[in-house]
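Derivation of every value follows stated rules applied to the coordinates shown; laboratory data play no part. The shown structure was predicted, so the numbers you read here are calculated from the model rather than taken from an experiment. For neighbour counting, all protein chains shown are included, and Cβ atoms are generated from backbone atoms with ideal geometry for every residue, glycine included.
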Amino acid sequence: MAAGEIVGMTGLPLALRLCEKCRRCNTFGETCPASLRCPTCGSTAVRCRRPSGHDAAEWHRARLKAAADVDAAREAAGDPVLPPRWPEAPIRAPQSRFPKAFIPGRR
Ligand SMILES: [Zn+2]
Ligand SMILES: [Zn+2]
């Protein structure tokens, strides 16, 4: 294993992938905030909107929470789409081009 590679020991989910819907969040199959209407700005587009009507750089907190709430409900209902917190799949060589934001504690 090459130095600097991300391994399971870090706790990093190995099957993490970029969300196909918004190309912004990282997902195992969790609900994407972009798939929900934002409670704050009302946006149903991928991006949240500023009061000015321009795209906001970040999702509103309420939208993130809404997505988390959906996931919590799905998890409680035993939704099989959601993977286990700790994947049991064989550990594969991680991608070497993970953006820094993917690494816990290095934001
Ligand atoms: Zn997404
Ligand atoms: Zn919003």
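I need the semi-axes of the equivalent ellipsoid of region 31-79: take the C-alpha gyration tensor, multiply each eigenvalue by 5, square-root it, list largest first in whole angstrom. The partial results should precede the final answer.
Working: eigenvalues 112, 13, 10 Å².
Its equivalent ellipsoid spans semi-axes of 24, 8, 7 Å.
Charge tally for C32 (other residues, Cβ to Cβ under 11 Å; Lys, Arg +1; Asp, Glu -1): +1. Label positions at D69 and R24, each projected 7 Å from the Cα along the C-beta direction, are separated by 1.9 nm.
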